[in-house]
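Structure first, commentary second.
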Amino acid sequence: MTDKPKSVYLEQSALSRAAFDLASGSGTPLYDCLFALQEEGKIQVWGSAHNAIELCLCTDLQLRQKLSQALENLTRGRRILPSFEFVILQEFLHLIDTHWPGCVQYDIRERLQGDNQRIYSGVIAHMAALVDYDASGANEELLRSKKLSRLKHTQILLDPNLVLSSLKMTQEEYLKFHMESDKGYATLSVEEMEAKIQELLSEFTPGKDARRSVSKFQKNREDLIAQRIVSLALPALVAAVPSPWDSYRLMNYQQVIADWDQPFPHPDLSIKQDDVTPLPPDFGSRTNGILTSKQTAQLWELLLERYHRLGLLIQPAMMLDLVFRELEKMFATGEPPTEGLTFDVDHASALHKCDIFLCYDNKLSAGMKIWADKMVISDGSRKQVATSIAELKRAVE
């Protein structure tokens, strides 16, 4: 009986290292190592939606094609992880099905996740085949997302209280504050955001205030994460299941509403009490399971809050932990994240999905190693973060 091959996620820095000198079938040492280990049946290389997005944003079309071809060769053109929303959705549905067995229609998630993976896989294939493939349709929104991320974190660099002050808010107050703060950026162009970033950076002076900020963030990290779990998870669920018809068929709402007071059956919850928040009065007349789109989102939010109180939402917590560790590094270095913080949640989901996270970005890999040490694979071994060929080989063996 042969051992199951280990799944290796090729983070963008590792993809660049593997493919940068790739020409006429002759690869770099990293590419050759990955290819050989895969041919021996020891690993399977996986890409992700994050790879596809970063490749879309690459303005050097020759390099973009080279990177895309390397990713296509190593993933056999079919192993692409879904975006992070589906990792959150998978955990959410697993909790509901554990709570109310037989309640979830998994085929809907599988179809939507499959569509998500095929879209990104198709984009990568087109960029690999056509050097002048036009991906500009996606670029403006992607650039805006990354630039907005950098603007927000530059503002936090100058004024950490933009984040720390939220500790005094209730969950409801924070959700309202979160939505209102985003409205202020809606009318800014990419160019205006960049100008604002440069203006803010010119005002920043690193020093002891920055060191105090690191200490405050480290001291309050768990509370800051706890406050934001639902505000990350709920939009992710809506993004993963955007169709009202699919969300209506996703689970048996009649069963959930009728048995709402049923405690969560988890053996590790002997200490924690499942404090059930009553459903709003209008849900009582909905035992036929027919909910409006607004009521569906409201019920999802109540479920997220309930599982969050029980400490069961592991994936959003891991994603946010990585984000806040990157913010702490920002204060330590005096530099805001280089527009990549937007995708740290995707990195966290890749670590969840794969056995080995291959990364040549030292700052990113340090944060990933903290979580990898906490995660156990089904065979009892630990997740691994590799930053070199030698570490990759050790992780495989």
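The values are calculated or read from the model by the stated rules, or taken from the named source; none is laboratory data. Just so it is clear, the structure is predicted and the values come from calculations on it, not from any experiment. Don't worry about glycine lacking a Cβ; one is built from the backbone with ideal geometry, like all the others, and counts go over all protein chains shown. To get the accessible areas, we keep the full protein, side chains included, count just its heavy atoms, and leave off ligands, DNA and RNA. Shrake-Rupley method; radii C 1.70, N 1.55, O 1.52, S 1.80 Å.
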Taking only protein heavy atoms and a 1.4 Å probe, the highest-to-lowest accessible-area order of Arg111, Arg150 is Arg111, Arg150
Long-range share for segment 60-169, i.e. C-alpha pairs more than 18 Å apart as a percent of all pairs, stands at 69 percent
Which residues qualify? For Met251, with a placed amide H closer than 5 Å and at least 5 residues away or on another chain, they are Gln105
Applying the gyration tensor rule to the Cα atoms of segment 10-96 (axes a ≥ b ≥ c; rounded if a/c under 1.5, else prolate if a/b exceeds b/c, else oblate), the class is oblate
In terms of the alpha carbon gyration tensor, root eigenvalues a ≥ b ≥ c, rounded if a/c is under 1.5 and otherwise prolate when a/b exceeds b/c or oblate, segment 49-93 is oblate
From the cross-link list Lys4/Lys383; Lys147/Lys353; Lys42/Lys353; Lys66/Lys152; Lys219/Lys353; Lys146/Lys294, the entries with a Cα-Cα span beyond 23 Å are Lys147/Lys353; Lys66/Lys152; Lys219/Lys353; Lys146/Lys294
Magnitude of the Cβ-charge dipole (Lys and Arg +1, Asp and Glu -1) of segment 30-147 about the Cα centre, nearest 20 debye, reported as 80 debye
